[in-house]
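Working notes for the structure below.
The values are calculated or read from the model by the stated rules, or taken from the named source; none is laboratory data. Note that the structure is predicted; figures quoted are calculated from it, not measured. Positions of Cβ are generated from backbone atoms using ideal geometry, with glycine treated the same way; all protein chains shown enter the neighbour counts. Note: accessible area is taken over every heavy atom of the protein model, side chains too, but ligands, DNA and RNA are not part of it. Shrake-Rupley method; radii C 1.70, N 1.55, O 1.52, S 1.80 Å.
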Amino acid sequence: MDAETNKYSIIVPTYNERLNIALIVYLIFKHLRDVDFEIIVVDDGSPDGTQEIVKQLQKLYGEDRILLRPRAKKLGLGTAYIHGLKHASGNFVVIMDADLSHHPKYLPSFIKKQLETGASIVTGTRYVTGGGVHGWNLMRKLTSRGANVLAQTLLWPGVSDLTGSFRLYKKSVLEDVISSCVSKGYVFQMEMIVRASRKGYHIEEVPITFVDRVFGSSKLGGSEIVEYLKGLIYLMVTT
Amino acid sequence: MKHVLKLFSLLVVISALWIGLLQASIIPQSHTWLLPIYFIVSLGCYGLLMVGVGLMRFPTCPQEALLLQQDIAEAKDFLKQKGVDVGSD
């Protein structure tokens, strides 16, 4: 695939990310200077005025570079990606979070890895050397590691970071995989990568760092653990 | 093949080997009967070991928080100049 003719559609689902969306757009433009890309903001009717900020950003960077494709209310991540995909004109699609836990400075490494290996999917992993997490206490790291070991043992997924959502897909591959996924939340991210792995798509990983500024406010409770276990069993049985 | 079936077939193969060992009596029967327990316990220990080792070697990046703060400041400056509203939310 000729590097010069690739276009990258970056889908960013947002809900109340009035400040972060501006920061993320600035950083994407900073780190992807010589790349043909577009940013597709899928906002779920944020009450904090996120869409107004996106419109200001459009004036600054151009409406052909920043697409605002909102929805009426909070409808979930999977459908946000599907919605964004409909408007994507690139041959590659990047999905990333809007809260700055995913730093745009890694975008060039995703692109480079894909060009080097011809992979269908490049997924960011926090759990290898060169990657990492900041903002997690010991308990959180323990549950993360325990969950990962369990998932590796039960699912043999072929990737080191299953719940990560910073990924680059060939557009056709994303369309294929997303059509067969039904889960919600982070199990959805797991389902995507496991289904892709089962379908035999070439998946590569790049290390990323993850700065969690939100963790302190959201606790990882018993119900999350139950949901996770249910998700693992579901994936064991259906993939 | 669904993954759970793959795991199940693996279990069937291991069980067949175990029954074979029971019947061939290469190892004394009393030991052979305990093999499944040894196996499960080893698996459990291996899992705990992997969790422990992974936890010790968990990659952290404290400098990234600082770099992020710098990036945020840089972004806010630029955007404020260009008329984008970056007042704190």
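Below are the figures for this structure:
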quantity: Relative contact order [Cα under 8 Å, 6+ residues apart], chain A, whole percent; calculated: 23 percent
quantity: Lys, Arg +1 and Asp, Glu -1 on Cβ, resulting dipole of chain B about Cα centre, debye, nearest 20; calculated: 480 debye
quantity: Inter-probe distance in nm under a simple model that places probes 7 Å from Cα toward Cβ, at residue A:34 and residue A:86; calculated: 3.7 nm
quantity: Accessible area of residue B:27 in the full protein assembly, 1.4 Å probe (Å², nearest 10); calculated: 60 Å²
quantity: Computed accessible area, residue B:33, all protein chains, 1.4 angstrom probe, square angstrom; calculated: 150 Å²
quantity: Computed helical MRE - 222 nm, chain A, DSSP H runs ≥ 4 contributing -39500 (n - 2.57), nearest 500; calculated: -14000 deg cm²/dmol
quantity: FRET efficiency, residue A:184 to residue B:39 (Cβ-Cβ, R0 35 Å, nearest 0.05); calculated: 0.45
quantity: Per residue accessible area of chain B, 1.4 Å probe, in Å²; calculated: 71 Å²
quantity: Solvent-accessible area of residue B:76 with every protein chain in place, 1.4 Å probe, in Å² to the nearest 10; calculated: 60 Å²
quantity: Summed residue charge, Cβ within 13 Å of residue A:192's Cβ, Lys/Arg positive, Asp/Glu negative; calculated: +1
quantity: Size of electric dipole in chain A: Cβ of Lys, Arg +1 and of Asp, Glu -1, about Cα centre, debye, nearest 20; calculated: 380 debye
quantity: List A:46, A:172, ordered by accessible area with a 1.4 Å probe, largest first; calculated: A:172, A:46
quantity: Minimum 50 Å² accessible area buried by the other protein chains, the stretch A:18-59 residues, probe 1.4 Å, relative to alone; calculated: A:18, A:19, A:23, A:26, A:56
quantity: 28 Å Cα-Cα threshold exceeded, pairs from A:86/A:199; A:112/B:82; A:113/B:76; A:184/B:2; A:7/B:6; A:30/A:113; calculated: A:112/B:82; A:113/B:76; A:7/B:6
quantity: Buried accessible area, chains B and A (both chains, 1.4 Å probe, Å² to nearest 100); calculated: 3400 Å²
quantity: Within chain B, helix-based [θ] at 222 nm, where runs of 4 or more DSSP H residues each add -39,500 (n - 2.57), nearest 500; calculated: -27500 deg cm²/dmol
quantity: Kyte-Doolittle at least 1.0, axis length at least 15 Å by Cα - qualifying DSSP helices, chain B; calculated: B:3-24, B:29-56
